[in-house]
Amino acid sequence: MYGEKGKAVRVEVVIYTGKEGKSSQGCPIAKWVIRRGSEEEKLLCLVRKRAGHHCQNAVVVILILAWEGIPRLVADTLYQELTETLCKYGSPTSRRCALNEDRTCACQGLDPETCGTSFSFGCSWSMYFNGCKFARSKFPRKFRLLGDDPAEEGKLESNLQSLASDLAPVYKKLAPEAFQNQVVQEHMGIDCRLGLKEGKPFSGVTACVDFCAHAHKDTHNMNNGSTVVCTLTKEDNRAVRNTPEDEQLHVLPLYKISETDEFGSVEAQQAKMETGALQVLSAFPREVRLLAEPVKSARKRK
């Protein structure tokens, strides 16, 4: 797997604009949608040319997408169990990227029972300890849920530990240098790592359910590592070349799609638009919801 060639590997050229694409309210918006072209397509690579460079590093890969990153049965089971557990017992994490700059949007929804939410599990760096946030915990609950339900926390931990184990070898094949950078010192903090086998690049999980993340920069990511995103789609969004009525998109706000394909052909790029592999949106219908007053930060609420 992933020794792929020919039509199994798709390359799309994107152009760095340096200007964030967003709605008038400062929220994420899509103008082009890249969709899987066929069952035959296994990998998608987004590349960009570096302005003023003519060396061997003039073109860089900014994203590698495996359309079937984990087995279908595993993905479907995870979707069912995680949505059930998180919606019933999850303890939401307050994140600044949930709101626009003015803190007035309602992108997550207005009903706290059904709104989009982000959950954090595993270890992460703490400014208070200058180390793991569980550094002084005798009995750390890295998969903490609301209330005290060890059975549900154990089930969640089992699912996320197994997912980390499944994703690690995929990550190693697709981005070996980044993977190696993240595991080279895993033995020094083995209790903080996720996974059931040796070669554990991950320490934490952010689980999002219908969450709309506004443009942001993660400040504690490892240099020369990668962020691995695993998308679990709902039932009506699992078929190739099927455009569901309701879907979430991963937005790259500082890029636009190239007018030509990787070989410089305008006609070939136009053909992708005709088949639906590349969708150009002339309008982005959405319901604009604004709050009467800005949401107070967690510090001010206290």
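A few points about this structure:
- Some residue of region 202-220 being in contact with a helix residue (DSSP H, G or I) (Cβ under 6 Å, 6 or more places away or on another chain), open to solvent by 80 Å² or more (accessible area, probe 1.4 Å) and either outside any loop (DSSP other than H, G, I, E, B) or modelled with pLDDT under 95 (or both): yes
- Residue count for region 221-237, restricted to those that are free of Cβ contacts under 8 Å to residues at least 60 places away in the same chain and open to solvent by less than 70 Å² (accessible area, probe 1.4 Å): 3
- Pairing residues of region 81-110 that are surrounded by fewer than 14 Cβ atoms within 10 Å (Cβ to Cβ) with residues that are part of a helix (DSSP H, G or I), at Cβ distances under 6 Å and at least 6 apart in sequence or on separate chains, gives 94/298.
- Of the listed requirements (1) surrounded by 16 or more Cβ atoms within 10 Å (Cβ to Cβ); (2) of a type in the set (Lys, Arg); (3) more than 26 Å from residue 210 (Cα to Cα), residue 7 misses just one: (1).
- On inspection, residue 160 passes the criterion of being closer than 21 Å to residue 74 by Cβ, of a type in the set (A, V, I, L, M), surrounded by 13 or more Cβ atoms within 10 Å (Cβ to Cβ) and within 19 Å of the chain's Cα centre (by Cα).
- Test: residue 267 is open to solvent by 90 Å² or more (accessible area, probe 1.4 Å), modelled with pLDDT of 95 or more and more than 22 Å from residue 69 (Cα to Cα): yes
- Looking across region 144-156 at every residue that is open to solvent by 40 Å² or more (accessible area, probe 1.4 Å) and without any contact (Cβ under 8 Å) to a residue 24 or more places away in the chain, the one that is nearest to residue 232 (Cα to Cα) is identified as 151.
- Qualifying residue in region 235-257 (condition: farther than 21 Å from residue 10 by Cα, assigned to a loop (DSSP other than H, G, I, E, B) and of a type in the set (Ser, Thr, Tyr)): no
- For region 163-201, residues that are in a loop (DSSP other than H, G, I, E, B) and either touching a strand residue (DSSP E or B) at 6+ places or on another chain (Cβ under 7 Å) or open to solvent by 80 Å² or more (accessible area, probe 1.4 Å) (or both) total 7.
- Residue check for residue 65: of a type in the set (A, V, I, L, M) and open to solvent by less than 50 Å² (accessible area, probe 1.4 Å): no
The values are calculated or read from the model by the stated rules, or taken from the named source; none is laboratory data. As the structure is a prediction and not an experimental result, all values here were calculated from the model. Counting neighbours? That spans all protein chains shown, and the Cβs are built from the backbone with ideal geometry, glycine included. Note: accessible area is taken over every heavy atom of the protein model, side chains too, but ligands, DNA and RNA are not part of it. Shrake-Rupley method; radii C 1.70, N 1.55, O 1.52, S 1.80 Å.
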